[in-house]
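The values are calculated or read from the model by the stated rules, or taken from the named source; none is laboratory data. Not measured: the values here are computed from a predicted model. All Cβ positions, even for glycine, are placed from backbone atoms using ideal geometry, and neighbour counts span all protein chains on display.
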Amino acid sequence: MFVWTEPWIEDNGMRAPWRKNTIFDVCLRVKDLIDPSTGLWDLDALEEHFFPQDINRIQSIKPVRDHKDYHVWKHNKSGEYSVKSGYWLASLSINSQALKDVEAQPSLNGLKAEVWSIQTAPKIKIFLWKVLSGALPVANLLRRRGIEGDELCRVCGEAEETINHILFTCTYARQIWALSDYPSPNSGFQNGSVFSNVYHLLTNRNNLRWPADTKSKIHEEVDDWFQAQIKDSGENLETLSPSLNKTTTEDGELLVKDSGENPETLSPSLNQTTTEDGELLVSWSRPQESWVKCNVGCSWSKGKLIAGGAWIVRNDEGIVLMHSRRAFSNTRDKDEGVFRVLEWAMESMLSHRFINVIFAIQDKTLVGAVNRPKAWPSFRFQSMELRRILGRISGWCLEHELEQANRGAGLIAQSITRDLRMQSYVAVSYPQWLSLVFEEETSLSFVI
C-alpha cells in the first residue's frame, strides 16, 4: 500500500496522510514505516514524514507483518461484518432526514425516567412507556407499518385513532376524565399532545395545591381499580404484582411501594452459593486437577493515561502460589491497557515455567480475539501476539471471568490507578491487605 496515494488513515472516514514535506517519495509504502526488528512503527520515520496529529492516528493502528493486507468492517468492534451492523448502516443512510428531525425534537428520556419511578404496578409502568414510545396498536400507527384498515376511532368514529385520541381527546375518554375530577391542563387535554398530557399527569400526581376531596377521590378510584384486578384475576395483590408492597394508612388510603427486587439469572457454569438471607453469590472457581488458574486484573485511568495490571496464580486446591503487580504508563486507551496487561501476564507465566494454565480475564474482546481470530480481524495484531506467547506454553486456556469472581486481581490493579502505587513486584501468596478477600474466595470455591 502506497503512503501518499491510498486512503489508509481513519479520520471520520478514510484518507491519505497530510504531507509534511514539500519533497517526498511518491513510491513510499506503508511497510517502509515499520521497524523490522520490533515489528512496530518506526517513530523516527513517522516524525520525518507526518504531522503530530497523523502520527497519533498511525500509532493507533497495530501493524500485522505476518499476514497479507485485509479488509476490516469498521462498524463492528470486532471488525467482522454482521447483518445487524449492515442493517444499521443502511437504515442510517436511508433515514438520515428522519433522524435529523428526531434529534431536533426535545428528548423524552426524562419523561420515561419519571414513568419508571412511579410507585405502581409494573404493567402500568410498561403501558405508560408504550404510550410515550408510540408502541400501542392504534390504527394510525398500524397503517404506518403497512397494516391496512380504517383510521377512524372505533368508539366515536369521528377522528383519526391515535394514542392521544383514545386516551385524552375521544368523546368517551373526555367523559372518563370529567367523571374522575382529575384537574385538566390549563388548555385542556384536547389541545395538548400525548407527551404534554402525560407530563401533566406525572408532574401533578402529588400536587399539594389540589383540593383534599379531589385527592381522596383519586385514591379511592385507585383502590377500586386494584380490587377489580384482584377480583378478575382471582389472585391477591402480592400475586398480581410480586414486586409491590401494599400498606394502608389510618384513613384507609392504599399505598403501593416498590420493593426494588430484581434477581438476575446467572450462568450455571459459575461457582454459586446462597447465603442465609437467600442472596446468590458468584465466586472464584478452582481449576481442574494438575492445572493452575491465573486471574488477570486491569484498571485504566483516562486522566493519567496509566494502566494498572495484576495477576494471581492459584492451584487446583485454591491456594495462592504467587501474585504480581505492574504499572503501564503512556497507555492511550483501555483496549491497549488490557492487551499490555494480558501480554505481560502470559509472559510471566512462561518465565515462571508454569504449564497447563487457565487465564481468566474480565475483558470479552481479547477472549474472543484469541479464541476466534477470524471473527475479530480488528484485533488480529493482538491475537497473533498473544497466541505467539501461548504457543510456548504446553497447555493453556483463555476464558472470560465475571467481576465478582475476579475481585482479588481487580483490586490489586485498581491500587495503581486509584492510589498511584507504581512500584512493580512479584511475591508469593497473596497481599495481606486483601487476606479476607482471598480466604473467602478459597472457602467458597469448595462449595458446589
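Some notes on this structure:
- Residue check for Ile147: among the hydrophobic types (A, V, I, L, M, F, W, C) and either in a loop (DSSP other than H, G, I, E, B) or in contact with a strand residue (DSSP E or B) (Cβ under 7 Å, 6 or more places away or on another chain) (or both): yes
- Taking each residue of region 140-165 that is free of Cβ contacts under 8 Å to residues at least 60 places away in the same chain and within 14 Å of Gln190 (Cα to Cα) and looking for partners that are in a loop (DSSP other than H, G, I, E, B) and among the hydroxyl-bearing types (Ser, Thr, Tyr) with beta-carbon atoms closer than 8 Å, six or more apart or interchain, yields Asn164/Ser193.
- Test for Pro17: is it surrounded by 14 or more Cβ atoms within 10 Å (Cβ to Cβ), under 36 Å from the mean Cα position of the chain (by Cα), modelled with pLDDT of 90 or more and in a loop (DSSP other than H, G, I, E, B): yes
- Boolean, Val437 is under 27 Å from Ile319 (Cβ atoms), free of Cβ contacts under 8 Å to residues at least 60 places away in the same chain and either in a loop (DSSP other than H, G, I, E, B) or not acidic (Asp, Glu) (or both): yes
- Qualifying residue in region 429-438 (condition: under 25 Å from Lys304 (Cα atoms), of a type in the set (Val, Ile, Thr) and in contact with a helix residue (DSSP H, G or I) (Cβ under 9 Å, 6 or more places away or on another chain)): no
- The residues of region 150-172 that are assigned to a helix (DSSP H, G or I) and either in contact with a Cys (Cβ under 9 Å, 6 or more places away or on another chain) or of a type in the set (Ser, Thr, Tyr) (or both), listed by number, are His165, Ile166, Thr169, Thr171, Tyr172.
Okay, residues lined up against (1) surrounded by fewer than 19 Cβ atoms within 10 Å (Cβ to Cβ); (2) of a type in the set (D, E, K, R); (3) closer than 16 Å to Ser285 by Cβ:
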site	(1), (2), (3)
Pro377	no, no, no
Gln404	yes, no, yes
Gly408	no, no, yes
Ile416	no, no, no
Asp419	yes, yes, no
Tyr425	yes, no, no
Val428	yes, no, no
Pro431	no, no, no
Val437	yes, no, yes
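- The residues of region 62-95 include none that are touching a strand residue (DSSP E or B) at 6+ places or on another chain (Cβ under 8 Å) and among the β-branched types (Val, Ile, Thr).
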